[in-house]
């Protein structure tokens, strides 16, 4: 039997997230968008009420929830501001490699402290020459005695300037291609780790995005995740958990813009009647509502499959592709619907449009999602 209803616990979590978005995030969104500061005080409040680190294992002090709940929370928080939301949920991304490949000792040592008081970790994969092309990483980690000597540069690392540790991907054996890639937990305070300036981004400006360099950093061998050569598999496995919550964030952005445009259409009059009464407006809003609902269902399916440990590469890619493109389309249409007001920073839809754009880029571009879907189709059909 198929059941689309949320459990009582999931509904409560959804309402908690919704209330937090409306009471704490949305009122501060424009200020953080203007100044680009990291929302530390909001993060502390989210941590205090249990909205951070929800996928951390219970053995580490986390809630032990799944990707499905992560998607629910991310959509609701993103309604208030995706930049602030990214700061609150990024730990779920950074912790996922540790959760799926780390030992119990690694999980307790590195994830445990983040549940005791507010703190952050980052997922360090992207490089100046390697984004969607993960196998083109230039970072290396050479084994010398009981340490790996790590060298390389990572770019566009979310929360990198506030993180206490990074999950870093580097080649331990380049001759093996992507099978020679490994993953490491790298504490920020190790000698040779340097954090660059914060990037001045077009949207999602409250998230702390930086460049990080590693210069002969000696990483203890006990910080290797899994075995040597497991890095690419860990990275892909992480994406199969993280892409559906990110897609849900795109749904939240689209829903925020839609709500503002809907309200405006009921109040704004042209030719003697509210613009809501013009069929062209109704068609626009109907299409938006359709895509928001469709996107949410794609997210939920992909997230549920992740929690069931089912192969979900295609489903995650479909959710990420559809929701990111829909968010860009919907927010642009909302700006158009508001006319000159849509182009003004006095109204929230222009910010939604700027925040939506990067949804088509990070966690794998929309073009890469097409490739993944096609590859999975060929695999399934022979």
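Derivation of every value follows stated rules applied to the coordinates shown; laboratory data play no part. Keep in mind the model is a prediction, meaning the values are calculated, not measured. Methodologically, a virtual Cβ is constructed for each residue, glycine included, from the backbone with ideal geometry; neighbour enumeration extends over all protein chains shown.
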**Prompt:** Alpha carbon centre of region 306-320 versus region 114-128: separation in Å?
**Reply:** 23 Å
**Request:** Calculate the radius of gyration of the Cα atoms of region 1-55 to one decimal place, then report Dmax, the largest Cα-Cα distance, as a whole number, both in Å.
**Result:** 14.3, 50
**Request:** Measure off 7 Å from each Cα along the Cα-to-Cβ vector at residue 379 and residue 286, then give the distance between these two points in nanometres to one decimal.
**Result:** 3.9 nm
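Per-residue ellipticity at 222 nm for the chain, helices alone: DSSP H runs ≥ 4 residues times -39500 (n - 2.57), over residue total, nearest 500 deg cm²/dmol? Please report the intermediate quantities before stating the final value.
Numbers: 12 runs with 195 residues, N = 382.
The helix contribution divided over the chain gives -17000 deg cm²/dmol.
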**Complete:** The residues 121, 352, sorted from fewest to most surrounding Cβ atoms within 10 Å, come out as 121, 352
**Request:** Specify the angular offset, from 0 to 90 degrees and rounded to the nearest 10, of the alpha carbon long axis of helix 26-35 from the longest principal axis of the alpha carbons in the chain.
**Result:** 60 degrees
**Request:** Calculate how steeply helix 231-267 sits against the longest principal axis of the alpha-carbon atoms of the chain, using the helix alpha-carbon long axis, and give the answer as 0 to 90 degrees to the nearest 10.
**Result:** 20 degrees
**Asked** Where does region 238-382 land on Rg/Rh, using Cα atoms and the Kirkwood Rh?
**Response** 1.07
**Asked** With each pseudo-label sitting 7 Å past Cα toward Cβ, what's the residue 189-residue 31 distance in nm, one decimal?
**Response** 3.1 nm
**Complete:** Taking alpha-carbon centroids only, region 353-382 lies from region 49-63 a number of Å equal to 29 Å
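Going by average Cβ neighbours within 10 Å, how do the peptides 243-252, 60-69 rank, with the highest at the top? Don't jump to the answer; show the numbers that get you there.
Numbers: 243-252: 30.7, 60-69: 20.5.
Output ranking for 243-252, 60-69: 243-252, 60-69.
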**Asked** What FRET efficiency would be calculated for the residue pair residue 15, residue 175, taking the C-beta separation as r and a Förster radius of 56 Å, to the nearest 0.05?
**Response** 0.60
**Asked** Among 131-137, 353-359, what's the highest-first ranking by average C-beta atoms within 10 angstrom per residue?
**Response** 353-359, 131-137
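Using mean Cβ contacts within 10 Å as the protection proxy, how do 315-322, 12-19 order, highest first? List each step's numbers first, then the result.
On the way: 315-322: 26.5, 12-19: 16.4.
The most tightly packed comes first, giving 315-322, 12-19.
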